[in-house]
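A short worksheet on the structure shown next.
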Amino acid sequence: MSEPTAEPDPGLSAGPDQGRVVLDADDIARALTRISHEILERNKGAEDLILLGLQTRGVPLAKRIAEKISEVEGAAIATGSLDVTMYRDDLRSHPTRTPHRTALPPHGIDGKTVVLVDDVLYSGRTIRAALDALSDLGRPAAVRLAVLVDRGHRELPIRADHVGKNLPTARAERVRLRLVETDGLDEVRITDTSMGEAR
Amino acid sequence: MTRHLLSIDDVSAAEIHELFETAAEMHDVQRREVKKLPALRGRTVINLFFEDSTRTRSSFEIAGKWLSADVINLSAKGSSTSKGESLRDTVLTVTAMGIDGLVMRHSASGAAHQVAQWLDIPVINAGDGMHEHPTQALLDGYTLTRRLGTLEGKHVAIVGDLTHSRVFRSNIKSLAKLGARVTVVAPPTLMPSGVGDWSNEAGFATCYDLDAVLPEVDAVMMLRVQKERMSGGYFPTAREYTVGYGLTRPRLALLKPGTPILHPGPMNRGLEIAADAADAADSLILDQVSAGVAVRMAVLYHLLAGEEALA
Amino acid sequence: MSVVIKGASILGQKTADVYVEDGVIREIGVSTGSTSGSDHSASEVIEADGLVLLPGLVDLHTHLREPGREDAETVLTGSQAAAAGGFTSVLAMANTNPVTDTAEAAERVLDLGREAGLVDVQPVGAVTKGLAGEELAELGLMARSRARVRVFSDDGKCVGDARVMRRALEYVKAFGGIISQHSQDPSLAPHASCCHEGPISGDLGLPGWPGVAEDVIVARDVMLARHTGSRVHVAHVSTAGSVEVIRWAKSQAKKDGTWEVTAEVTPHHLLLTTDLLRGYDPTYKVNPPLRPAEDVEALRAALADGTIDAVATDHAPHARHDKEHAFVDAAFGMLGLETALSVVGTVMVESGLLDWAGVARVMSTAPAAIAGLTGHGREIAVGEPANLALVDPSAAYVVDRNDSLSLARNNPWHGRTLTGRVVGTWLRGKRTFGA
């Protein structure tokens, strides 16, 4: 999650039908398909490609993209997960969080092209943390970023290589991704926190 | 988690599982080329050891450094003999420099509890006399969990000098929280005073017969027997102790196949544990050491990284 | 100099006006409730309606720490605390630095007490030289000195060697002396044992000692007292086992008449139990240690039925830094002079185990008799020296350790509510405490 809010994401617990849906299941599927093709195009194939999903919602997204890519290329793509809790710059302003799994593919990331996959790109701090984590894990040949939604308001010079949808938002708004794997449906919804929604 | 780790009483069963999850992630760091996480960068931790221990102290030192904390080792001996400076004065002097966390080992039971009342930074008990050694129990539980899966309903034996063992006192609490059943085995002179009532309340069984217990257990933890205990008249000779209560080669055959063997170290090979047992395939003694760093990293992270650590 | 105490209940029994002049009780008249009824013009009139008048209390067991540890207490501050507790005489234990094992040392303590002038400080002499437990100290010279020592004790330590204890019991017969024994078998209960040995110490990992380490010494000593035809006094009894032995010994001694066993109990052993160990607070570290409830019950019953003759405080002041250590390393001992009467009131009188006459017996008459202090513990009657303590039996108060007159603050009663409070103390007619 790129949003600078404390985990865990309330998800279903905060009024499922408030706000407005900006991406439905079909939109998401199309966006992921397009991202998958873009990645292949940019990389000129699937060689030395690794998809690393950022915990937590980036992980199922990375899996879906990997499936699409292997459908196209006819071979499996290396995937993994990356948890950046330890590298966040806001550790001291929140209660301690248990880190999630960091699992790299068996041959590591040295010399590979790593595509980080996340759901929402916002301030860019999560991606900065991810870059720091990667540099302690090895030396990729290149690092790229694929996100489903870019909601603007960057606080650091970070940009995504592949974007599902550009979504200009107000700071008071919240962007929430739901996925079948975790929430039972696919959608991206924007809610206005000033509307007094339940946490 | 409360602000200190003085005793296993300070962590709930849920928190223990959280610590194990964090420890699993920390464990991976040991295999990386860059053994560093920035989570405790800028924090200063003091290891204040009133009692010697190279093993526990270096484990905490590595744990802190791999989390990017600044770790300083201080040895403060002779508090029981020097009547000049009180324990309180010693501890306040050391922490007056703006320290973020204190890891303390002391030869007197309860010392960590008293010190925690005088300070407002997190205190981690690295062993207080005969009372508790919570990070040891946590690493024992973590090592067993990685090997056996859940400990719910598993039967664990703890064998040795229970009276003087803080490893035993912490482990019966943590194993109970993890859902395991515990039987402790020792000669009557090394059973803690009042163990009858206490064991009923705390829910562990006691037995003098090691051979009867070994075939029934899913894991066995051997405790170190100090040779000095012999001069205290607790048992007649080392030889007699080994025959009655040592994990000898014949006793290995009594264990179910694959039963893990643990020992907090340092071992008296040949006294409480035969060389063959210590080096057996099922011995997890070295795993305990590597687990120790991971678990201590998890403890330091949970106590010092987040906002609760800021007074 | 005269004072009249009007309308107090003498020993909680009859109400009367007590007129004191020049240190002696001159008249005891039926209380009229007014200033009429006598021709006396007292310089001070105390309205004591609803209060209880007791003979001045006598403490068989106090540590005044002077000479040697004046940072913890002095004879003066200890006397002030004693007077505030209703005491008119205290026996000062010998484990000072230097030890009171010579006539000169005993006279020094006597003189310090007289200088302070608030209570009669009676020095206790050591049984053995330097409290080492090996050779008898100059018991005879101490007895003949101005301090007229009659009670001898190595308290703090036990006279563990049976032969030395036998010699001591024999030797003091020559001058009517008595040995007060701190009963703690040194091999069953070595110095590192810091609490009661039981399930709680087992759980907390503290090295403790079991009650039987006290019982075996008590049993040994009563047999030695019988054999030598002498007097033994058991200091700070803490176990039900000791009570059993003492009860038996007294019944035997009574038949015999040639030997005697007496015993004392502290206020803290009448109320505080071993579960105070949890939390490792060294305020509760004391020797003998706090024991389980069963022992406390036995001690209360024994005090009520006379098996235990007296309450003695074992007032043990300590400098703050001597308690600011880990439990095992901290000094042993608790304060007791100022709160003793209140604790006995709360525990024994409130529950009906003792009436105020009984309190007078256990806190004044009996200890005075054991110590041979003929001027104290006397009947409140005409012609007797005016050593008096005036008590408000129903005053309830919360103990604040900072209110103490003692130099020390190791007070186990801090924050507790106690019932019964000394409001005035007189030593031979001179007011030593109270407005």
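So which of B:Arg147, B:Arg224 ends up being of a type outside the set (Phe, Trp, Tyr) and assigned to a helix (DSSP H, G or I)?
On inspection, the qualifying residue turns out to be B:Arg147.
If you go through segment B:4-30 one residue at a time, how many are in a loop (DSSP other than H, G, I, E, B) and surrounded by 15 or more Cβ atoms within 10 Å (Cβ to Cβ)?
Of the residues in that region, 4 qualify.
Can you tell me which residues in segment A:82-113 are assigned to a strand (DSSP E or B) and more than 23 Å from A:Arg159 (Cα to Cα)?
A:Ala103 - this is the single residue of segment A:82-113 that is assigned to a strand (DSSP E or B) and more than 23 Å from A:Arg159 (Cα to Cα).
Looking at segment A:52-78, I want the residues that are of a type in the set (S, T, N, Q) and have a partner that is at pLDDT below 90 with Cβ atoms under 7 Å, at least 6 apart or on another chain. Which pairs are those?
Pairs that qualify, where the first residue is of a type in the set (S, T, N, Q) and the partner is at pLDDT below 90, are A:Ser70/A:Ala76.
Scanning segment C:204-262 for residues that are among the basic types (Lys, Arg), in contact with a strand residue (DSSP E or B) (Cβ under 9 Å, 6 or more places away or on another chain) and farther than 16 Å from C:Ala302 by Cβ, which turns out surrounded by the most Cβ atoms within 10 Å (Cβ to Cβ)?
That would be C:Arg231.
What tally of residues in segment C:347-398 results from selecting those that are of a type in the set (S, T, N, Q) and part of a loop (DSSP other than H, G, I, E, B)?
So the answer is 3.
So, of the residues in segment A:80-105 that are touching a Pro at 6+ places or on another chain (Cβ under 7 Å) and closer than 20 Å to A:Glu181 by Cα, which turns out to be nearest to the other protein chains (Cβ to nearest Cβ)?
Filtering segment A:80-105 for residues that are touching a Pro at 6+ places or on another chain (Cβ under 7 Å) and closer than 20 Å to A:Glu181 by Cα, the one nearest to the other protein chains (Cβ to nearest Cβ) comes out as A:Asp83.
Only one residue in A:Leu148, A:Leu134, A:Leu116 is within 24 Å of A:Glu41 (Cβ to Cβ) and in a helix (DSSP H, G or I). Which one?
A:Leu134
May I ask you to list the residues in segment C:65-101 that are of a type in the set (A, V, I, L, M, F, W, C), surrounded by 24 or more Cβ atoms within 10 Å (Cβ to Cβ) and assigned to a loop (DSSP other than H, G, I, E, B)?
C:Ala72, C:Met93, C:Ala94
Within segment B:147-169, which residues are away from every other protein chain (no Cβ under 12 Å) and of a type in the set (D, E, K, R)?
Within segment B:147-169, B:Arg147, B:Glu152, B:Lys154, B:Asp161 meet the criteria.
Does segment B:229-245 include one or more residues that are in a helix (DSSP H, G or I), under 21 Å from the mean Cα position of the chain (by Cα), charged (D, E, K, R) and closer than 29 Å to B:Ser53 by Cα?
Yes - at least one qualifying residue is present in segment B:229-245.
If you scan segment B:170-193, which residues turn out to be more than 14 Å from chain C (Cβ to nearest Cβ), surrounded by 13 or more Cβ atoms within 10 Å (Cβ to Cβ), outside any helix (DSSP H, G or I) and not hydrophobic (A, V, I, L, M, F, W, C)?
Correct list: B:Arg181, B:Thr183, B:Pro187.
Looking at segment C:415-435 only, could you name the residues that are part of a strand (DSSP E or B) and among the small types (Gly, Ala, Ser)?
Once the filter is applied, which keeps residues that are part of a strand (DSSP E or B) and among the small types (Gly, Ala, Ser), segment C:415-435 yields C:Gly420, C:Gly424.
Inside segment C:178-220, can you point out the residues that are part of a strand (DSSP E or B) and farther than 23 Å from B:Ser165 by Cα?
Of everything in segment C:178-220, those that are part of a strand (DSSP E or B) and farther than 23 Å from B:Ser165 by Cα turn out to be C:Ile178, C:Ile179, C:Ser180, C:Gln181.
What number of residues within segment B:286-306 satisfy the criterion of being in contact with a Lys or Arg (Cβ under 8 Å, 6 or more places away or on another chain), assigned to a helix (DSSP H, G or I) and within 14 Å of another protein chain (Cβ to nearest Cβ)?
The number of residues fulfilling the criteria is 2.
Can you tell me which of B:Glu51, B:Glu132, B:Glu61 is of a type in the set (D, E, K, R) and free of Cβ contacts under 8 Å to residues at least 60 places away in the same chain?
B:Glu61
Test B:Gly196 against the criterion of being buried (at least 24 other Cβ atoms within 10 Å of the Cβ) and of a type in the set (Gly, Ala, Ser), and give yes or no.
no
Tell me, please, whether a residue that is within 12 Å of chain C (Cβ to nearest Cβ), farther than 19 Å from B:Ile8 by Cα, part of a helix (DSSP H, G or I) and of a type in the set (D, E, K, R) can be found in segment B:208-220.
No: zero hits.
Please pick out the residue among B:Ser53, B:Ser79, B:Ser75 that is surrounded by fewer than 15 Cβ atoms within 10 Å (Cβ to Cβ), modelled with pLDDT under 95 and either of a type outside the set (A, V, I, L, M) or in the same structural domain as B:Leu138 (by TED's automatic domain parsing) (or both).
B:Ser75 is the lone residue from the list that is surrounded by fewer than 15 Cβ atoms within 10 Å (Cβ to Cβ), modelled with pLDDT under 95 and either of a type outside the set (A, V, I, L, M) or in the same structural domain as B:Leu138 (by TED's automatic domain parsing) (or both).
Considering C:Phe327, C:Phe332, which residue is touching a Ser or Thr at 6+ places or on another chain (Cβ under 9 Å), within 14 Å of another protein chain (Cβ to nearest Cβ) and among the hydrophobic types (A, V, I, L, M, F, W, C)?
Step by step, each of C:Phe327, C:Phe332 is checked, and only C:Phe327 is touching a Ser or Thr at 6+ places or on another chain (Cβ under 9 Å), within 14 Å of another protein chain (Cβ to nearest Cβ) and among the hydrophobic types (A, V, I, L, M, F, W, C).
Just for segment B:94-122: of the residues that are surrounded by 24 or more Cβ atoms within 10 Å (Cβ to Cβ) and hydrophobic (A, V, I, L, M, F, W, C), which one is farthest from B:Ala13 (Cα to Cα)?
So, considering only residues that are surrounded by 24 or more Cβ atoms within 10 Å (Cβ to Cβ) and hydrophobic (A, V, I, L, M, F, W, C), the one farthest from B:Ala13 (Cα to Cα) is B:Ala108.
Sort out for me the helices (runs of 4 or more DSSP H) sitting completely within segment C:258-323 that have 1 or more residues that are away from chain B (no Cβ under 14 Å).
Fully inside segment C:258-323 and qualifying: C:267-271, C:293-305.
Of all residues in segment B:116-160, how many are of a type in the set (D, E, K, R) and in contact with a Pro (Cβ under 9 Å, 6 or more places away or on another chain)?
Adding up the residues that qualify gives 2.
Just to check your reading of the model, which residue among C:Asp314, C:Asp309, C:Asp355, C:Asp322 is surrounded by fewer than 18 Cβ atoms within 10 Å (Cβ to Cβ), in contact (Cβ under 8 Å) with a residue 24 or more places away in the chain and assigned by TED's automatic domain parsing to the domain that holds C:His61?
When all the criteria are applied, what remains is C:Asp355.
Tell me, please, whether a residue that is polar (S, T, N, Q), modelled with pLDDT of 95 or more and under 20 Å from C:His414 (Cα atoms) can be found in segment C:340-355.
yes
For segment B:31-140, which fully contained strands (runs of 3 or more DSSP E) count at least 2 residues that are within 16 Å of the chain's Cα centre (by Cα) and among the small types (Gly, Ala, Ser)?
Filter on segment B:31-140 gives B:123-128.
Could you tell me which residue of segment C:325-352 is surrounded by the most Cβ atoms within 10 Å (Cβ to Cβ), considering only residues that are among the small types (Gly, Ala, Ser) and closer than 27 Å to C:Asn95 by Cβ?
Only one residue tops the list, namely C:Gly336.
Select from segment C:196-217 the residues that are more than 10 Å from every other protein chain (Cβ to nearest Cβ) and more than 22 Å from C:Val245 (Cα to Cα) and list them in ascending order.
Scanning segment C:196-217 gives no hits.
Tell me which residues, restricted to segment C:127-177, are part of a loop (DSSP other than H, G, I, E, B), of a type in the set (A, V, I, L, M) and in contact with a helix residue (DSSP H, G or I) (Cβ under 8 Å, 6 or more places away or on another chain).
Answer for segment C:127-177, where residues must be part of a loop (DSSP other than H, G, I, E, B), of a type in the set (A, V, I, L, M) and in contact with a helix residue (DSSP H, G or I) (Cβ under 8 Å, 6 or more places away or on another chain): C:Val127, C:Ala137, C:Ala147, C:Val149, C:Val159.
If a residue has to be in contact (Cβ under 8 Å) with a residue 60 or more places away in the chain and surrounded by 16 or more Cβ atoms within 10 Å (Cβ to Cβ) to count, how many in segment B:266-285 make the cut?
Total meeting the criteria: 2.
The values are calculated or read from the model by the stated rules, or taken from the named source; none is laboratory data. Model, not experiment: these values are computed from the prediction. Counting neighbours? That spans all protein chains shown, and the Cβs are built from the backbone with ideal geometry, glycine included.
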